[in-house]
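Okay, here's the structure, questions in a sec.
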Amino acid sequence: MTNPLQKYFRQPKVFITLPSKGMYYPEGALTGDPNNFPILAMTGMDEIIMKTPDALLNGEATVKVIESCCPYIKDAWSVPNIDIDAILVGIRIATYGDILTLDNTCPSCTTENSYEVDLKTITDHLSKCQFNHSMAIDPISINFRPLTYREFTEENLKSFYLRRQVFQSAEIDDQEAQQKVLEDAYAKLAEMKADLVIKRIDSVQTIENMVEDANFISEWIQNSDREVFDTITKFLDNSQETWNIPKFQAKCTSCDHVDQISINLDQASFFVIAS
Ligand SMILES: [Zn+2]
């Protein structure tokens, strides 16, 4: 029998537009209308998951909570990374409301100020962002795709451990051994950076062919002048910047000094609020 309590189950509280407009999802990972994307509030269990540091670091927490709160998403690991911030902000709005309180100490006069940010301005900003999907390096053009949340998380984890390796190498007494650990970490970080650029290339259009084979693309990058790689990296970095969440202009209540505050969507702090 159907649960008679079903009509009291949580209902969608927020509807957003996915920045990807539903593109870049593999078959079956997303259903429904990406321009009218419903989001439910977190359950008590979701909230507990969001407070588990290990689950946050490896992406498990985010994936579980997205799948719990977004009925249209069937596989959160394959969500294109450009949609993740909008979805997380949507989940926070659905759970705790539109307002985020920011505390800031004025750098000019040290007054403690408290500000209210309307989170809808962030989902609006993100819904208007465009994914820059191609660039030309005459005579070829390169088509890009966003990383999936799985790729993004894996890279983040790798980079986290490599940076930790660099940090911990300070404790190695033997200089030669320390040098070796550092060189190894820096080589891996450089390799990771190249790998990330290659992963984001979806295809390359030449005069004769459309090349989609990842191995061919990787081989081409490895056999190109460094200017080609730099041009692509710069293009990707610039595109990334347009997606950054605008800084909040915080005007001090006592001295009128305006401070620019970054809004941190880091899940651990963003989702844990005093109620
Ligand atoms: Zn001030």
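Taken together, the values in this text are just the output of simple stated rules run on the coordinates, not laboratory data. Please read these numbers as outputs of a predicted model, since none were measured by experiment. So basically every Cβ, Gly included, is an ideal-geometry build from the backbone, and we count neighbours across all protein chains shown.
Considering only Leu102, Leu57, Leu40, give the residue with the highest GNM mean-square fluctuation for the chain, with springs between Cα atoms whenever their separation is below 10 Å.
Most flexible of the set in this elastic network: Leu102.
Name the residue, out of Thr233, Thr111, Thr95, whose mean-square fluctuation peaks in a Gaussian network model built on the chain with Cα pairs under 10 Å.
Result: Thr111 has the largest fluctuation of those listed.
One quarter of the convex hull surface, Cα atoms only: what value does that give for the chain in nm²?
For the chain, averaging the hull's shadow over all directions gives 20.9 nm².
Can you work out the FRET efficiency for the pair Glu191 and Asn264, with r the C-beta to C-beta distance and R0 = 25 Å, to the nearest 0.05?
Computed FRET efficiency for Glu191 and Asn264 comes out at 0.30.
Could I ask something else about it? Would you mind calculating the gained length between Met1 and Thr242 on full extension (0.36 nm times residue separation, minus the Cα-Cα distance), in nm to one decimal?
Between Met1 and Thr242, full extension yields an extra 81.7 nm.
With labels modelled as points extended 7 Å from the Cα through the Cβ direction, what inter-label distance (nm, one decimal) is found for Thr31 paired with Leu102?
Those two pseudo-labels are separated by 3.9 nm.
I need the Kirkwood Rh of the stretch 1-120: take the reciprocal of the average 1/r across all distinct C-alpha pairs and report it in angstrom.
16.0 Å
Could you go through the stretch 170-180 in sequence order and give the Karplus-derived ³J(HN,Hα) for each residue, using 6.51 cos²θ - 1.76 cosθ + 1.60 with θ = phi - 60°, rounded to whole Hz, and x for Gly and Pro?
Computed from phi, the couplings for the stretch 170-180 are 4, 8, 7, 6, 6, 4, 5, 5, 4, 4, 5 Hz.
Rounded to whole Å, give me the distance from the Cα center of the stretch 133-212 to that of the stretch 3-55.
Going from one Cα centre to the other spans 31 Å.
Shifting gears a bit: List the residues whose amide H sits under 5 Å from the amide H of Asp202, counting only those 5 or more places along or on another chain, with H placed 1.01 Å from N in the peptide plane.
Here Asn143, Phe144, Arg145 satisfy the definition.
Considering the chain, which cysteines have no disulfide-compatible partner, defined as another cysteine with its Cβ under 4.7 Å away?
Flagged as lacking a Cys partner: Cys69, Cys70, Cys129.
Could you list the chymotrypsin sites (Phe, Trp or Tyr not before Pro) in the stretch 1-67 that lie in coil according to DSSP, counting only those with at most 14 other Cβ atoms within 10 Å of their Cβ?
Sparse-neighbourhood loop chymotrypsin sites (Phe, Trp or Tyr not before Pro): Phe9.
In the stretch 41-84, whose amide N lies under 11 Å from the spot 7 Å out along Cα-to-Cβ of Phe160? List them in ranges.
Only 53-62 fall inside the zone, counting backbone N under 11 Å.
Under the Karplus relation 6.51 cos²θ - 1.76 cosθ + 1.60, θ = phi - 60°, what is the ordered set of whole-Hz ³J(HN,Hα) values for the stretch 102-115, x standing for Gly and Pro?
10, 9, 8, 8, 4, x, 8, 10, 6, 5, 8, 10, 10, 10
Taking a quarter of the surface of the convex hull around the Cα atoms of the stretch 134-242, what do you get in nm²?
Across all orientations, the stretch 134-242 yields a mean hull projection of 8.3 nm².
If you don't mind, another one. With the chain treated as a Gaussian network of Cα nodes joined by springs under 10 Å, which of Met42, Met210, Met23 yields the largest mean-square fluctuation?
Highest fluctuation among the options: Met210.
Test of understanding: given the chain, find the longest segment containing no GluC sites (Glu not before Pro) that are in a DSSP loop and have at most 16 other Cβ atoms within 10 Å.
28-207
Let me ask something else about it. Extending each Cα 7 Å along its Cβ direction at Asp225 and Glu171, get the distance between those two points in nm, one decimal.
The two pseudo-label positions are separated by 4.7 nm.
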